[in-house]
Amino acid sequence: MIRSANPLAQEPRYELITRVLRSNIRSGTIPEGFVLLEGPIAAVMQTSRVPVQSALRQLLDENLIHRFDGRGYLVGSGAQPVVPLRRDIRDLPLDIPAEVDDALQTRGTWRHVYDQVEEEVASCQIFGEFRIVETELADYLGVSRTVVRDVLARLQERGLIRKSASSHWIAGPLTARTVSEKFQLRSIVEPAALRLAAPHIRYADVETVLDRIGKDPAISSEYLGDALLELCIAQAPNTTLVEMIRSNGLLLSAVDRALIGLGLPRDETTIEQYHTLFDLIARHPIDSAAEYLRDHLSIVARRYLARMKIVAVISETGSFSPYLSPV
């Protein structure tokens, strides 16, 4: 793997983007009420939208931006109403430190392209089985075969792809059995992790999520799922267990985003259940919350399978990245 002398070049790209946006928001360069959109940010940072999405979720968790009745995010906590300021972020005098800019432009390290490939590989699997062609992936990303192999090895480690008998890299298909087994594992390990995490949860953060649910009619189940994982479950003092939970949920989360991208509506029932779950956690009867989480996951699994059936008849073959070849 090609390595840069700049230590920031080894950081995930979304963390660098988060750092730049956070600094400019706090300094006022990106003013309160400014509408942040993924596309213009990706253009400024010379990256794909995937790490930008992760950066915006991080800023949302930090209460530096908030959702509103429109496309994108508004800068500010949302405590007071503001008039959306719709300008191109490329017109602002953003402060991007030289070492961060250098790290963002450094090509070669697998961390810079991994998020994008993970999203594309995971989301295609609902439509069947695909072969990943190494040479085409390298051309598509503009990186070396060495970097591509690092990316593929990481995807294999996280259970998103496998090697076929003929040594081809294969992704998918995502079957009903695969989904059922992943949710079955979730129903076993996530309630257990929540119980372990109870003494370590910062309950003020849970109250903040509850307050946001009440104020933000556009809040997403994806945000609430991320908040449950990061603020509660991931506080369990067992890093192996937490990493297992993260890895098991990768494919499900990516496919869920793909389903929403195809136009499936928000799942209002799931959001209501998250509200109840966070409320139970906030009151600290952790056993009740763990049992409710187990029941919640069973319900989500059934709805997830139903949503998969809706798109099973859709032909999306022409919209996949060029390195993904249907088998």
Only residues that are on the phi < 0 side of the Ramachandran plot, part of a loop (DSSP other than H, G, I, E, B) and either touching a residue at least 60 places away in the same chain (Cβ under 8 Å) or not β-branched (Val, Ile, Thr) (or both): list them for the stretch 152-189, please. ARG158, LEU160, SER164, ALA165, SER166, HIS168, PRO173, LEU174
Just checking, which of VAL179, VAL151, VAL133, VAL206 is farther than 27 Å from PRO12 by Cβ and of a type outside the set (Ser, Thr, Tyr)? VAL179
For the stretch 142-165, does any single residue satisfy the condition of being under 30 Å from LYS182 (Cα atoms), out of contact with any helix residue (DSSP H, G or I) (no Cβ under 9 Å at 6 or more places or on another chain), open to solvent by 10 Å² or more (accessible area, probe 1.4 Å) and among the hydroxyl-bearing types (Ser, Thr, Tyr)? yes
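Give the residue, chosen from VAL113, VAL121, that is buried (at least 21 other Cβ atoms within 10 Å of the Cβ) and under 30 Å from ILE30 (Cα atoms).
Working: VAL121 fails: under 30 Å from ILE30 (Cα atoms).
Only one candidate passes the filter, namely VAL113.
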Pull up the stretch 270-313, narrow it to residues that are outside any helix (DSSP H, G or I) and open to solvent by less than 80 Å² (accessible area, probe 1.4 Å), then point me to the one that is farthest from THR175 (Cα to Cα). PRO285
Which number in (1) open to solvent by 40 Å² or more (accessible area, probe 1.4 Å); (2) part of a helix (DSSP H, G or I); (3) modelled with pLDDT of 85 or more marks the one condition that GLY318 misses? (3)
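With respect to SER253, is the statement that it is in contact with a Ser or Thr (Cβ under 9 Å, 6 or more places away or on another chain), at pLDDT below 85 and under 23 Å from ALA197 (Cα atoms) true? Write out each step before concluding.
On the way: in contact with a Ser or Thr (Cβ under 9 Å, 6 or more places away or on another chain): no; at pLDDT below 85: yes; under 23 Å from ALA197 (Cα atoms): yes.
Taking the combined requirement at face value, the residue does not satisfy it.
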For the stretch 28-41, what are the residues that are more than 23 Å from PRO81 (Cβ to Cβ) and open to solvent by 10 Å² or more (accessible area, probe 1.4 Å)? GLU38, GLY39, PRO40
Have a look at LEU229, LEU250, LEU210 and point out the one that is without any contact (Cβ under 8 Å) to a residue 40 or more places away in the chain and in a helix (DSSP H, G or I). LEU229
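Criterion first (outside any strand (DSSP E or B), of a type in the set (Asp, Glu) and either surrounded by 14 or more Cβ atoms within 10 Å (Cβ to Cβ) or within 20 Å of the chain's Cα centre (by Cα) (or both)) does GLU222 satisfy it? First the steps, then the outcome.
Details: outside any strand (DSSP E or B): yes; of a type in the set (Asp, Glu): yes; either surrounded by 14 or more Cβ atoms within 10 Å (Cβ to Cβ) or within 20 Å of the chain's Cα centre (by Cα) (or both): yes.
Spelling it out, GLU222 is indeed outside any strand (DSSP E or B), of a type in the set (Asp, Glu) and either surrounded by 14 or more Cβ atoms within 10 Å (Cβ to Cβ) or within 20 Å of the chain's Cα centre (by Cα) (or both).
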Identify, please: which residue in the stretch 116-139 is acidic (Asp, Glu) and over 22 Å from the mean Cα position of the chain (by Cα) and is, among those, farthest from VAL327 (Cα to Cα)? ASP139
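Please determine, by comparing only the residues of the stretch 50-80 that are of a type in the set (D, E, K, R) and either without any contact (Cβ under 8 Å) to a residue 60 or more places away in the chain or touching a Gly at 6+ places or on another chain (Cβ under 7 Å) (or both), which one is surrounded by the most Cβ atoms within 10 Å (Cβ to Cβ).
So the first thing to find is which residues in the stretch 50-80 are of a type in the set (D, E, K, R), and the list is 57, 61-62, 67, 69, 71.
Right, trim to either without any contact (Cβ under 8 Å) to a residue 60 or more places away in the chain or touching a Gly at 6+ places or on another chain (Cβ under 7 Å) (or both) and you get 62, 71.
Working: GLU62: 12, ARG71: 9.
It comes out as GLU62.
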Do we have ARG177 as within 20 Å of the chain's Cα centre (by Cα), at pLDDT below 95 and not aliphatic (A, V, I, L, M) here? no
Quick test of your reading of the structure: VAL143 fulfils all but one of (1) under 15 Å from ARG246 (Cα atoms); (2) part of a loop (DSSP other than H, G, I, E, B). Name the failing condition by number. (1)
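Can ALA197 be described as surrounded by 20 or more Cβ atoms within 10 Å (Cβ to Cβ) and either more than 20 Å from the chain's Cα centre (by Cα) or within 24 Å of GLN80 (Cα to Cα) (or both)?
yes
Find the residue count for the stretch 1-24, including only residues that are modelled with pLDDT of 80 or more, open to solvent by 20 Å² or more (accessible area, probe 1.4 Å) and either not acidic (Asp, Glu) or not in a helix (DSSP H, G or I) (or both). I'd like the intermediate steps shown before the answer.
Restricting attention to the stretch 1-24, the residues satisfying the condition of being modelled with pLDDT of 80 or more are 14-24.
Adding the requirement that they be open to solvent by 20 Å² or more (accessible area, probe 1.4 Å) leaves 14-15, 19, 22-23.
Remaining after also requiring either not acidic (Asp, Glu) or not in a helix (DSSP H, G or I) (or both): 14, 19, 22-23.
Residues that pass the stated criteria total 4.
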Which of the residues that make up the stretch 15-48 are in contact (Cβ under 8 Å) with a residue 60 or more places away in the chain and of a type outside the set (Ser, Thr, Tyr)? LEU16, ILE17, ARG19, VAL20, ASN24, ILE30
Meets criteria (β-branched (Val, Ile, Thr), closer than 26 Å to LEU277 by Cβ, modelled with pLDDT of 90 or more and crowded, with 18+ Cβ neighbours inside 10 Å) for ILE132: no
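The values are calculated or read from the model by the stated rules, or taken from the named source; none is laboratory data. Just so it is clear, the model here is predicted, and its values are computed rather than measured. Backbone-built Cβ (ideal geometry, glycine too); neighbour counts: all protein chains shown. The area values use the complete protein model at the heavy-atom level, side chains included, leaving out ligands, DNA and RNA. Shrake-Rupley method; radii C 1.70, N 1.55, O 1.52, S 1.80 Å.
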